[in-house]
Amino acid sequence: MSWQIHRVDDRLIHGQVVIAWGARLRPARIWVVDDASAANPWERELLASAAAGAEVRVVTVAEAAAAWAAEATAPGGAFLIVPDLATARALIEAGAPVPSFTLGGLHYAPGKTKVNEYVYLDADDRADARALLARGVALEVQDVPASRPQSLASLDPGSAP
Amino acid sequence: MSRVPALLVMHADLGAALLHAAGQVYGPCEDLPVLSNEGLSRAALEHAIAGKVAGWSAGGLVLTDFWGGSCHLCGLAAARACGGATAAGEIVVVTGLNLPMLLDYLHNRDRCAVVELAERLQLKGQESVRLQRCQPA
């Protein structure tokens, strides 16, 4: 079974992940792909404590790319979470054949413009989105299972290749 | 004994609503700021919490809704960034806050130490969840 969702979320593990998606899909493992978090033992421990019932693996982009295929055939379901589109792109370019990413939360920061209530992008984000779409990676916008997924390109033409 | 400061950090409008409800029972709730996570990235929420708790020289309580949520995790990260535990006190993150716990905090914040108060709130929260099955009359 393995991969159930590949999510882009600057909050990494939080309520929508463990309560909304977690209760719906019941993953056995949650992979957090973030070089900064992977290099920080306290952060790894924090994230591991946040998801009861799932094993949390906090790994670098290189480690995730190397492990992606084996996880794809592992028993039980798995989530993969990256903090931003740059990391999603890096993961693809490192060789992980992720078919699609779900943009679940990219919140406002200076320089970013609104796509919807929970997705804000700047020029670098849009360049990463275009690169991902050009490589055939689908990008959908959806925060929780009960909301309707929408393609990023339809919501934000500036992200279309 | 000096007052144990606290910060309510919750999803959407829950913190403000809880504080409003507590005011109906307890009276005016002074010195209890509220933060919502709505629309904030993890970094922004951590920064906002750190800005509130940085002045707690003798520690205090970050009161949050559920374990594993952004309010909980950012509360921990912000507390750690601000020193977490100092010689004078400790910042404790309390999850699962409900109205009985908030009222207990208000009643006891001027007479308990930080950790003592945190443990008291934990017990109060556990005791406040009860089942009472009602038979037809």
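Please treat every number below as a calculation from the coordinates, not as lab data. Only a predicted model underlies this, so the values are computations on that prediction, with no experimental measurement involved. All Cβ positions, glycine included, derive from the backbone under ideal geometry; neighbour counts span all protein chains shown.
So the values come out like this:
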item	result
As computed over chain A, the Cα convex hull volume per residue (Å³)	104 Å³
Crossing angle, helix A:41-50 versus chain A [Cα axis fit, 0-90 degrees, rounded to tens]	90 degrees
Potential extension, B:Glu116-B:Ala16 segment - 0.36 nm per residue separation minus Cα distance	33.5 nm
Cα gyration tensor shape of segment B:1-114, rounded if a/c is under 1.5, else prolate or oblate by comparing a/b with b/c	oblate
Residues of type lysines that B:Lys124 reaches as a straight line, Cα spacing below 28 Å, ignoring anything fewer than 8 places off in the same chain	B:Lys52
C-alpha center-to-center spacing [segment A:60-97, segment B:8-45] in angstrom	37 Å
Packing rank of A:18-30, A:83-95, A:61-73, where each peptide gets the mean count of other beta carbons within 10 Å, highest leading	A:83-95, A:18-30, A:61-73
Quotient of C-alpha Rg and 2.2 N^0.38 Å, computed over the protein assembly as shown	1.10
Neighbouring partner chain Cβ atoms per residue of A:50-63, average, 10 Å criterion	1
Folded to 0 to 90 degrees: helix A:123-134 orientation relative to chain A principal axis, Cα	80 degrees
Packing-based exposure ordering (other Cβ within 10 Å, fewest first) of B:Ser2, B:Ser57	B:Ser2, B:Ser57
For segment B:78-137: rounded, prolate or oblate by the Cα gyration tensor [a/c cutoff 1.5]	prolate
Peptides ranked, highest mean first, by Cβ atoms within 10 Å: ranges A:36-46, B:13-23, B:101-111	B:101-111, B:13-23, A:36-46
GluC sites (Glu not before Pro) within segment B:26-56, DSSP loop, no more than 16 other Cβ atoms inside 10 Å	B:Glu30, B:Glu38
Span-rule helices in chain B, defined as complete DSSP H runs reaching 30 Å or more along the axis (Cα) with Kyte mean at least -0.5	none
